[in-house]
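Engineer: Quick one: the structure is below, and I'll ask about it shortly.
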Amino acid sequence: MRPDDLRCLVMLHREQDWVRAAAGCGISEHDLAAAVRAVEDAHRCAILRPGTSFRGFTPEGEAVVAWAIEFCGAVDELKRCFQASKKRTLMAPLIDRRSISPKRLCEPGPESHELDLMIEAALRAPDHGALHPWRILEFSKDQREALADCFEQEKRRRDPLAAQADLRRAREHALRPPVLTAFIVSPRARMKVPVREQWLAAGAALGNLLNAAHQLGYGAIVLSGERCFDDVLGSALGLGPDEFLAGFISMGCIAEKPPARKYAAPGSLRSRWAPPAGVGQAPGAAMSDPSRLTTHGSR
Ligand SMILES: Cc1cc2nc3c(=O)[nH]c(=O)nc-3n(C[C@H](O)[C@H](O)[C@H](O)COP(=O)(O)O)c2cc1C
């Protein structure tokens, strides 16, 4: 007796008719009869009342059907669980990504060819007009002290009374990450693509870049902070007049995992459109059937 035989039995019980049950199972009546026989043989009892046409189930048959319905339900539930878990596994590279703060990163950071791979992934993000309105600025290891000087000066400009510890922290942001880059948004002027879409494209690219780093086994984080709004630092980094310093991306191996964090439930970010009254109805329908108006938004 196979699980399929039990499904045939359940179908026959539902349809109470050989022809409809066979059609429902997608098999011939002959195969359906064979399936019922297989269950009868397995249970060593008659499941159907005798007769050439369908005459219903015996009391034993009813008991077997009740069990078969439960069994098939459990098998279906198990299949659903397996499929859901398979889909979750497929999504894991995206779902499991976390930002890793610089203090949890260690050497080595991604190599140049790996950075190129990440940028390749970033270039696959949706990008209206293929403008790639962003660029990556790298800071080599031997430039970090100079960058730290820039960070420290920015901190002094912003807070002339900054404590030594704050200045040291500002320098650390430049010195600590194994690999450090800046993500610069460069909206293209006088293009047909609205600037707000270019910002979205840049954000999508940044997301792909971080996901790519995660896929390659690296930890990464984008940090902006006040310094990204400092014009003097911007010009020291070579930003054009229409460019924006979105943030600094730190990358490296993961020395320590970040603490768990909570996420919004997916359902909390979904809602269904409630068409305005009268939209999507034949002219005059709203007037002749007012109940349609009240049910529209509640589907
Ligand atoms: C452009 C940009 C700038 C950010 N700047 C900061 C920042 O200055 N400080 C900060 O704590 N998080 C900042 N974040 C958020 C972190 O990068 C990170 O996404 C956040 O800590 C959530 O962690 P998760 O990515 O693991 O969910 C920034 C994110 C983006 C996209």
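Please treat every number below as a calculation from the coordinates, not as lab data. Predicted model, so just to flag it, every value in this text is computed and none were measured. Cβ: placed from backbone, ideal geometry, glycine included. Neighbour counts: every protein chain shown.
Engineer: Say we join alpha carbon atoms closer than 10 Å with springs in a Gaussian network model of the chain; which of Ala189, Ala170, Ala260 then has the biggest fluctuation?
Structural biologist: Ranking Ala189, Ala170, Ala260 by mean-square fluctuation puts Ala260 first.
Engineer: In Å and from the alpha-carbon atoms only, list the Rg and Dmax of the chain.
Structural biologist: Answer for the chain, Rg first and Dmax second: 32.4, 100 Å.
Engineer: Continuing with this model, one more query. Taking all pairs of different Cα atoms in the stretch 3-93, averaging 1/r and flipping that mean, what Kirkwood radius in angstroms comes out?
Structural biologist: Here the Kirkwood hydrodynamic radius works out to 14.2 Å.
Engineer: To continue, here is another question. Only helical DSSP H runs with n ≥ 4 go in: add -39500 (n - 2.57) per run for the chain, normalise by residue count and round the 222 nm mean residue ellipticity to 500 deg cm²/dmol.
Structural biologist: -16000 deg cm²/dmol
Engineer: Hey, in the GNM for the chain with a 10 angstrom Cα cutoff, which one of Ser186, Ser268, Ser140 fluctuates hardest?
Structural biologist: Looking only at Ser186, Ser268, Ser140, the biggest GNM fluctuation is shown by Ser268.
Engineer: Starting from the amide H of Ser224, placed 1.01 Å from N in the peptide plane, find each other amide H under 5 Å away whose residue is 5 or more places distant or on another chain.
Structural biologist: Distant-sequence amide H within range of Ser224: Phe248.
Engineer: Here's another thing I want to ask about it. Residue by residue, what Karplus-based ³J(HN,Hα) values in Hz, rounded to whole numbers, does the stretch 47-62 have, using 6.51, -1.76 and 1.60 with θ = phi - 60° and x for Gly and Pro?
Structural biologist: Going residue by residue, I get 9, 10, 5, x, x, 6, 8, 6, 10, x, 9, 6, x, 5, x, 4 Hz, with x marking Gly and Pro.
Engineer: Applying 1/(1 + (r/R0)^6) with R0 = 41 Å to the Cβ-Cβ distance of Gln164 and Lys86, what FRET efficiency is obtained, to the nearest 0.05? Mind showing how you got there, number by number?
Structural biologist: Working: r = 55 Å, r/R0 = 1.33.
For R0 = 41 Å, the calculated efficiency reads 0.15.
Engineer: So which residue, out of Leu115, Leu269, Leu209, gets the largest mean-square fluctuation from a GNM of the chain using Cα contacts under 10 Å as springs?
Structural biologist: It is Leu269.
Engineer: Quick check: from the Cα gyration tensor, does the stretch 102-254 come out rounded (a/c under 1.5), prolate or oblate?
Structural biologist: Cα axes put the stretch 102-254 in the oblate bin.
Engineer: Give me the dipole magnitude in Debye, nearest 20, for the stretch 3-93 about the Cα centre, with unit charges on the beta carbon: positive for Lys and Arg, negative for Asp and Glu.
Structural biologist: Details: 12 positive and 13 negative charges, 92 e Å.
Charge dipole, the stretch 3-93, about its Cα centre: 440 debye, nearest 20.
Engineer: Grab the Cα-Cα distance for Ala189 and Ala204, subtract it from 0.36 nm times how many residues apart they are, and report the gain in nm with one decimal.
Structural biologist: Taking 0.36 nm per residue and subtracting the Cα distance, the gain is 3.5 nm.
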